[in-house]
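Colleague: Following this message is one structure expressed as structure tokens.
FYI, it's all coordinate maths here, none of it is from the lab. Not measured: the values here are computed from a predicted model. Ideal geometry is used to build each Cβ from the backbone, glycine not excepted, and the neighbour counts take in all protein chains shown.
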Amino acid sequence: MNNMMRYILAFFYLILFANNAKAQVVEERIISAIDSIVKEYLSAREYLTGGVICIVSKDSTYLQKGYGLADLESQVKFSADSTELEIASVSKLITTTALLSLVELGKLELDKPVEFYIGENLIRNKYGEDLLVRHLLTHTSGIDDRSGYMESKSIEAIPELAEYIEKYFPQVIWTPGRFFNYSNYAFVLTAFLIEEVSGQDFSQYIKENLLVPLKMEYSGFSENINTLPEMRRYRLRENDQNEIYSQVADESYSNLMGAAGFKTTGADMVNFLKLYLNNGKFNGINLLSQETIANAFSTHFTYHPGLTYQQGLGWRIKMIDNQKILYHYGDDTGIESSIIIFPESRLGIFMCFNNPMGYDVKVEIENEIFHILNEESTPSSPNKISLKIPNDVAGDYLYMNDSHTTFERLGFLLGNRKISVRVEADSMLYLNERIFIPAQDPLILKEKNKDTELIFLRNDQEKIGYFSFGRSTYRKIKAWEDPNIHRHLFLTYFILAIIFMLFSLTRFLLLKLRREKN
């Protein structure tokens, strides 16, 4: 080997050593930051009960650790290996992965109507636009949302997917593909679609085609996988002495198979993350293709390409300083979970906590890791622009996907809190009391001194009809739709009904007295 070759090899080894040393420093800083954040929340007045955190690269596991208590009454500690976790809506990514496997097998097409696979008349859709498979994974299905029939009183009472779709499934109330509104029901339909196309029970298909190959031994949608100590779910309450204490949450049994209900461990979720970090491979086996992973991570719906929040296939997307973050959150009573991938750094995070403070913890950890990974990059400077906000954005708005087709509509009409929008001096917008200013477009605004964005959208008549934070959509309402008016009308009707009843009763009693005198 000549000297030139030795120098080249030495140079490459030096670069490799430097990169490895840098990676180790980053790893140590991330773990130290996480330990510090969690320790602070475990001892705060409004305290964290406990949880599991795992940090994974495509090649190795940096952190796989339990913090605090999974069961306060029994003093059982959280373990990443042996505590059974409930992850709420992070379950949707398990369902997404199963559906994508059927797409790869050629048994499903994302741009075919759902009815093509499950038959007609199961889904009530009065719109001319088909409900496509793609719409289910992008939360653009237009399916009504509601709280009724989401839970059962016992495991035995949970209906089969086919029964649930036939008896309880809500109808499509908005044009499919047009609006983003987060939908649990879309993923229940996705689970049913997987059953119909695969010819297998949904949970069994998940087990055979995903969990077994990924060696996720302690995971599943079935309620009967309880082989490990489970985490207990807690609320935080305040007593008469202003002391904060934990209260065990009532047990619940979700009917939303596919949207929630997945049970797992931190160690199992490490393997799930590695599947995506390694472009669909796990232990040398291709479960998904690199093209499928790239497609899932790509934007499939956004109101504007410059918005921070966008939607992939199942995966949510955040764009911060041109850096992409892929994620999904889960939350329910006593459950706060998240799964996050930083694709540029090929780093994945799984977190799950068992009381409400877990939300603050997971957001703070995500932000801290993003800062550590990107501290050498230069944040993009906001453009100094002077834009006039159109006056027709002003008005009252309501969340557009709250139970329009069931008895819950009454609660929607009477109780939904409207959002009032007003414009001042053409350059400042008040959303209730929050202040927004124009960003990249007169209809795209950012909250003053914060990162929250909103975009106003035009309706079919080219008038402002909606706005969105990129995570949910609100519609502009007519004066007669104002919940305050409905409340006043209801109260007036109630008072008149009472007066009429009292008048009728008084009249009846007077007539009775007259008859008795006669």
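Colleague: On a C-alpha basis, how far is the centre of the stretch 173-189 from the centre of the stretch 433-475 in Å? Whole number, if you could?
Modeller: 20 Å
Colleague: Where both partners of a DSSP beta bridge lie in the chain, what percent of those bridges are antiparallel, to the nearest 5?
Modeller: So the antiparallel bridges in the chain amount to around 95 percent.
Colleague: Near residue 137, within a Cβ-to-Cβ distance under 14 Å, what is the net charge of the other residues, with Lys and Arg +1 and Asp and Glu -1?
Modeller: Residues close to residue 137 contribute a combined charge of +2.
Colleague: Oh, and also: Among residues other than residue 229 whose Cβ falls under 9 Å from its Cβ, what is the net charge (Lys/Arg +1, Asp/Glu -1)?
Modeller: Counting the neighbours of residue 229, the net charge comes to -3.
Colleague: Next up: Would you tally the net charge around residue 459, using a Cβ to Cβ cut-off of less than 12 Å, leaving residue 459 out, and scoring K and R as +1, D and E as -1?
Modeller: Counting the neighbours of residue 459, the net charge comes to +2.
Colleague: What is the set of long-range amide H partners of residue 347 at a cut-off below 5 Å, with H atoms built 1.01 Å from backbone N?
Modeller: Answer set, sorted by chain and number: 342.
Colleague: Go through the stretch 424-436 residue by residue and turn each phi into a ³J(HN,Hα) via Karplus (6.51, -1.76, 1.60, θ = phi - 60°); whole Hz please, and just put x for glycine and proline.
Modeller: Karplus values, whole Hz, x for Gly and Pro: 10, 6, 6, 9, 9, 10, 9, 10, 6, 9, 7, 9, 10.
Colleague: Go through the stretch 73-162 and name the trypsin sites (Lys or Arg not before Pro) that are in a DSSP coil and have 11 or fewer other Cβ atoms within 10 Å of their Cβ.
Modeller: 126, 153
Colleague: Next up: Using modelled amide H (1.01 Å from N, peptide plane; none on Pro or chain starts), what sits under 5 Å from the amide H of residue 465, excluding residues fewer than 5 places away?
Modeller: 457, 458, 459
Colleague: From the P(r) of the stretch 232-385, could you give the percentage of C-alpha pairs in the tail past 20 Å? Intermediate values should be presented prior to the final figure.
Modeller: Working: 7127 of 11781 pairs.
Percentage above 20 Å: 60.
Colleague: Moving on to the next point. Only sites in a loop by DSSP and with at most 13 other Cβ atoms within 10 Å count here; which GluC sites (Glu not before Pro) in the stretch 93-146 make the cut?
Modeller: Answer by residue number: 120.
Colleague: From the phi of every residue in the stretch 230-242, what ³J(HN,Hα) in whole Hz does the Karplus formula 6.51 cos²θ - 1.76 cosθ + 1.60 yield, where θ is phi - 60° and glycine or proline is x?
Modeller: Couplings: 8, 6, 9, 9, 10, 9, 9, 10, 10, 8, 5, 8, 6 Hz.
Colleague: Next question. So what's the back-of-envelope 222 nm ellipticity for the chain, counting only DSSP H runs of four-plus at -39500 (n - 2.57) apiece and dividing by all residues, rounded to 500?
Modeller: -10500 deg cm²/dmol
Colleague: Please give the FRET efficiency for residue 166 paired with residue 28, using the beta carbon to beta carbon distance and R0 = 41 Å, rounded to the nearest 0.05.
Modeller: 0.15
Colleague: List, in order, the whole-Hz ³J(HN,Hα) value for each residue of the stretch 355-369 obtained from phi through the Karplus relation with A = 6.51, B = -1.76, C = 1.60 and θ = phi - 60°; use x for Gly and Pro.
Modeller: Taking θ as phi minus 60°, the curve returns 7, x, 5, x, 4, 4, 5, 5, 5, 5, 5, 4, 5, 5, 5 Hz for the stretch 355-369.
Colleague: From the convex hull of the Cα coordinates of the chain, what is the mean projected area in square nanometres?
Modeller: Average projection, Cα convex hull of the chain: 36.0 nm².
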